[in-house]
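The values are calculated or read from the model by the stated rules, or taken from the named source; none is laboratory data. Keep in mind the model is a prediction, meaning the values are calculated, not measured. Cβ placement follows ideal geometry from the backbone for every residue including glycine, while neighbour counts extend to all protein chains displayed.
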Amino acid sequence: MAARLGEHQFDIVTGKSLNETKNRATAEALRQLKKQGLYTQTQNATEAIHVPLSIQTFGDRVAMKTLAKFRSLVASVSEDLSGRKVIAAILLHDDIEDQLSVVSLGTGNCFVTGDNLCDEGNVINDSHAEIIAKRGFQRYLLKEIYRLRDRRIFKQTLFGTLKVMSHLSFHLYISTAPCGDGAVFTRADPHHTDGDHEPVFRKRQHGLLRTKVEKGEGTIPTDDTPQTLDGIRRGQRLRTMSCSDKICRWNVLGIQGALLSLFLVEPIYLSSITLGMLFNDGHMSRAMCCRVDRDDQPLTGLPPGYRAQHPKLGCVTRVTDTRSVDRSSPLSVNWNMADNSVEVTDATRGMTTRYHKYNVPRPDSAKDPYFYPSLGLTVGKTSDNRPIERQRTQPRNTVPRKKCSNRRCIKMGTVSGSGNPRK
């Protein structure tokens, strides 16, 4: 089957069903039109931001860099990315040269359904843009640790641990308010834009932990009912924490993740968070940090080096808070500076799209065992100045077994030397 536009016929495609073939033919036609510059897609989240240099803020620069990078990346994507989408990115700022660069970018507004859960780390559970950007950022950090000799962002301390150079900082951009506590407000709620952290606690639901709605949008407060895998298989609702709750967690534990914390002298915190629209200072400050570290209830008992980070909050100067009723795209795009390749995943399955150019269902940003390819990293030195290296980790669910030539053992399905049937 092939799509036609007037007298022009596009390339022929095939599929397993009529609907699938039609979708592929449409996607192929859009890809060719975009390649020829005959089709452009404009949405509030992806519109270019043009602000006069005289009134341009740091948040405007962050947004402009992110959206420019997004448009350059999707130009080479063949999948149809139409539909409402959320864009998020983590940027590196060099204070000495006053330069911004995007190091990780993600799009998405869905997460995996309970039917597609996997406990082997082969799928991405949460494909919301903020989470995807953070996962790509962790891959970027890992590659920078391998390039430690280049001294690009890390410097090594006397004890062998690593620390981000003092003139570098990281900043988060989100095209809209993160789901959860940061988005629980209306236009009638008063707000200020001076950037001061003055959290709003007017209602009982303010500051509550919230979970995302499976196969839907929005969030609801958490409950105390335990969540089990067999219950989810039987139809129990899958509970995934909201993006506001996860970002609040990053502002205490850092955005580097637990594994990379072993190599750092202190966590890596976000210096600022910029929103493209739906910004309310009082609600954002509460959701991002102030609900866990208030003036009357400070956060205490943290390990050395950890703290409650209160990042600078802001929004772009030109805000278009028009309510969109378009359907969200089920596809998620991820990119990071280390891999420097665009990957498209199906957010509801947590895997790459079926006809992706790599033809591999497991995403690059899945955890195990390829998210951290190997961990033979030098983390210190001995008294005689020899490097100390951690042992390389083995993938999960791999148990060393002795070879056995006994055909009966193999035929009966037993583990060599144990006599016990395989589980």
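General observations
- Any hit, the stretch 179-197, residues being out of contact with any Phe, Trp or Tyr (no Cβ under 8 Å at 6 or more places or on another chain), closer than 27 Å to residue 293 by Cβ and free of Cβ contacts under 8 Å to residues at least 40 places away in the same chain: yes
- Flag for residue 297 being without any contact (Cβ under 8 Å) to a residue 40 or more places away in the chain and of a type outside the set (D, E, K, R): yes
- Qualifying residue in the stretch 182-199 (condition: among the basic types (Lys, Arg) and at positive phi): no
- No other residue among 363, 311 is at pLDDT 55 or above, surrounded by 15 or more Cβ atoms within 10 Å (Cβ to Cβ) and under 30 Å from residue 28 (Cβ atoms) apart from 363.
- Checked against (1) surrounded by fewer than 19 Cβ atoms within 10 Å (Cβ to Cβ); (2) in contact (Cβ under 8 Å) with a residue 60 or more places away in the chain, residue 141 passes all but a single condition, namely (1).
- Scanning the stretch 99-118 for residues that are under 17 Å from residue 217 (Cβ atoms) and assigned to a loop (DSSP other than H, G, I, E, B) turns up 108, 109, 110, 112, 113.
So that you can scan it fast, the table gives a plain yes or no per residue for (1) modelled with pLDDT of 95 or more; (2) touching a strand residue (DSSP E or B) at 6+ places or on another chain (Cβ under 8 Å); (3) of a type in the set (Phe, Trp, Tyr):
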| position | (1), (2), (3) |
| --- | --- |
| 168 | yes, yes, no |
| 176 | no, yes, no |
| 190 | no, no, no |
| 193 | no, yes, no |
| 196 | no, no, no |
| 203 | no, no, no |
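- Residue within the stretch 237-255 that is in the same structural domain as residue 89 (by TED's automatic domain parsing), at pLDDT below 90, touching a strand residue (DSSP E or B) at 6+ places or on another chain (Cβ under 6 Å) and surrounded by fewer than 20 Cβ atoms within 10 Å (Cβ to Cβ) present: yes
- Residue in the stretch 10-20 that is out of contact with any Cys (no Cβ under 6 Å at 6 or more places or on another chain), at pLDDT 75 or above, part of a helix (DSSP H, G or I) and surrounded by fewer than 11 Cβ atoms within 10 Å (Cβ to Cβ) present: yes
- Residue in the stretch 191-210 that is hydroxyl-bearing (Ser, Thr, Tyr) and under 26 Å from residue 350 (Cβ atoms) present: no
- Selection of the stretch 119-143 for residues being assigned to a helix (DSSP H, G or I) and either at pLDDT below 90 or among the polar types (S, T, N, Q) (or both) yields only 138.
- Check on residue 161, over 21 Å from residue 90 (Cα atoms), of a type in the set (S, T, N, Q) and modelled with pLDDT under 90: no
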